[in-house]
Amino acid sequence: MGANVTVNLGVEMTANSLSLWAPAKVNLYLEIVGDRPDGFHELSTIFQSIGLMDRVTVAVHSGPAKISVDCPHPLVPNDQTNLAYRAAELMVQAFPDAASRQSTIDIAIAKNTPVAAGLAGGSSNAAAVLVALNMLWELGLTHQALQDLAAKLGSDISFCVSGGTALATGRGEVLDPLPSVSDLWVVLGKYDNLSISTPWAYKRYRELFEGEYARDANTQTSRHDQVRSGAMVRLLSQLAQGSRDNLDKIRALLRNDLERAVLPDHNKIKTLRDCFQGQAPLGAMMSGSGPTVFGIAADGANAKLIQSAIRQYIPDPDLSLWTAPFIAQGVHLAPNTV
């Protein structure tokens with residue numbers, strides 16, 4: 001063990017250790033369709049991977065049956081409540097023979113994605129652990145098999161496995177891949193001291209707008225089909241093919257129903273969203289349940305200009321800003337060097 005081996009993606013890994021990039025995501029479209037029998041909400045949402053990524057390193061050893069998580073970020077738990085820990089636990093339960101041969105699992109997470117931000121940072125870390133153990137234990141699982149396992153842990157972890165651009169329905173775990181868009185950029189803003197509880201956001205939406213829910217399966221399916229054949233999916237397909245003729249239409253097609261529940265109770269996020277909309281000509285809105293706001297830029301240079309303008313308008317040191325490109329992949333291998 002420990003000898004370097006070459007993998008087909010042009011990076012190095014050791015025989016018992018593997019490092020992966022775990023990209024964040026934004027929601028370009030999020031429609032709350034109705035209730036589900038399992039108590040969750042039925043969604044139609046469009047996920048997009050972005051190049052803001054955590055680095056997750058997984059090492060397996062023979063020895064005591066133990067899972068450890070090491071992340072120095074003060075807001076990330078290093079115990080069994082961490083989704084990355086739970087992903088390793090799920091793999092141990094699903095593949096006991098492989099786990100018995102290398103039963104010590106060490107997970108190290110270098111956080112670049114903000115925590116509790118509506119960007120799937122924890123979900124992408126969990127997806128990285130699933131992918132890493134599949135490779136380290138040489139299980140040979142397909143993306144679909146990994147996504148099925150991921151769905152047992154959380155609603156958007158399945159998407160984080162494959163990434164790119166996808167329409168998601170159900171709780172967000174039923175994926176229809178779309179042609180990947182990879183030549184746009186986002187500017188992201190989040191107040192460091194502000195977080196939003198996802199369960200609270202959905203509960204609040206139900207309290208306010210339950211009367212608008214689709215009540216039966218046929219109506220919910222019809223709502224999904226409208227999105228699948230709708231203007232946003234068509235526009236993204238055009239962008240994926242290299243056409244930029246209709247970039248100005250993105251603004252009108254962005255949708256996040258959770259803004260209706262979150263923004264009235266969080267004026268600071270609304271003010272940030274409004275500032276982004278004033279500076280990002282391709283549109284801006286809150287991602288997921290928030291509190292991160294993102295604006296879409298035509299290229300990296302424009303993203304930097306938007307970032308600078310927002311910093312000038314809101315010089316609050318508690319506001320962190322990032323820029324990142326759209327990317328066409330989810331979890332993927334990283335160089336196994338520090």
Open item on the list: Can you tell me which condition Ala231 does not meet? The list is (1) surrounded by fewer than 18 Cβ atoms within 10 Å (Cβ to Cβ); (2) at pLDDT 95 or above; (3) closer than 28 Å to Gly39 by Cα, and all the others hold.
Closed with: (3)
Task: Single residue of Leu319, Leu282, Leu333, Leu235 found to be within 17 Å of Gly118 (Cβ to Cβ) and not acidic (Asp, Glu) - done: Leu319
Task: Pairs, first crowded, with 21+ Cβ neighbours inside 10 Å in segment 242-263, second polar (S, T, N, Q), C-beta under 7 Å, six or more apart - done: Asn256/Asn27; Leu258/Ser289; Val262/Ser289
Task: Leu333, sole failed condition from (1) in the same structural domain as Lys249 (by TED's automatic domain parsing); (2) of a type in the set (A, V, I, L, M); (3) buried (at least 19 other Cβ atoms within 10 Å of the Cβ) - done: (1)
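Just for helices (runs of 4 or more DSSP H) wholly inside segment 111-222: which have at least 1 residues that are under 19 Å from Leu258 (Cα atoms)?
The qualifying helices (runs of 4 or more DSSP H) are 121-136, 198-209.
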- [ ] Count, please, the residues in segment 235-269 that happen to be of a type in the set (Lys, Arg) and within 22 Å of the chain's Cα centre (by Cα).
- [x] 3
Task: segment 286-310 residues that are closer than 22 Å to Glu259 by Cα, paired with ones that are of a type in the set (Asp, Glu) (beta carbon under 9 Å, 6 or more apart) - done: Met286/Glu259; Gly288/Asp156; Gly290/Glu259
Task: Selection from segment 125-150 of residues that are among the small types (Gly, Ala, Ser), crowded, with 19+ Cβ neighbours inside 10 Å and either out of contact with any strand residue (DSSP E or B) (no Cβ under 6 Å at 6 or more places or on another chain) or at positive phi (or both) - done: Ala126, Ala127, Ala150
Task: Of residues in segment 37-82 being hydroxyl-bearing (Ser, Thr, Tyr) and under 20 Å from Leu153 (Cα atoms), the one surrounded by the most Cβ atoms within 10 Å (Cβ to Cβ) - done: Ser49
Open item on the list: Can you confirm whether Leu133 is in contact (Cβ under 8 Å) with a residue 40 or more places away in the chain and under 30 Å from Asp274 (Cβ atoms)?
Closed with: no
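Being among the hydroxyl-bearing types (Ser, Thr, Tyr) and either surrounded by 17 or more Cβ atoms within 10 Å (Cβ to Cβ) or in contact with an Asp or Glu (Cβ under 7 Å, 6 or more places away or on another chain) (or both) is the filter here; which residues of segment 268-288 pass it?
Result: Ser287, single match.
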TODO: Taking the residues in segment 289-319 that are loosely packed, with under 14 Cβ neighbours inside 10 Å and of a type in the set (S, T, N, Q) as candidates, determine which candidate is farthest from Ala252 (Cα to Cα).
DONE: Gln312
Open item on the list: Name the residue that is surrounded by the fewest Cβ atoms within 10 Å (Cβ to Cβ), counting only residues in segment 151-191 that are under 14 Å from Leu119 (Cα atoms) and more than 13 Å from the chain's Cα centre (by Cα).
Closed with: Tyr191
Task: Those strands (runs of 3 or more DSSP E) lying entirely in segment 242-337 with at least 1 residues in contact with a Phe, Trp or Tyr (Cβ under 8 Å, 6 or more places away or on another chain), among the aromatic types (Phe, Trp, Tyr) and under 27 Å from Ile157 (Cβ atoms) - done: 293-297
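The values are calculated or read from the model by the stated rules, or taken from the named source; none is laboratory data. Computed from a predicted model, the values in this text were never measured in an experiment. Glycine gets a Cβ as well: all are built from the backbone with ideal geometry, and neighbour counts include every protein chain shown.
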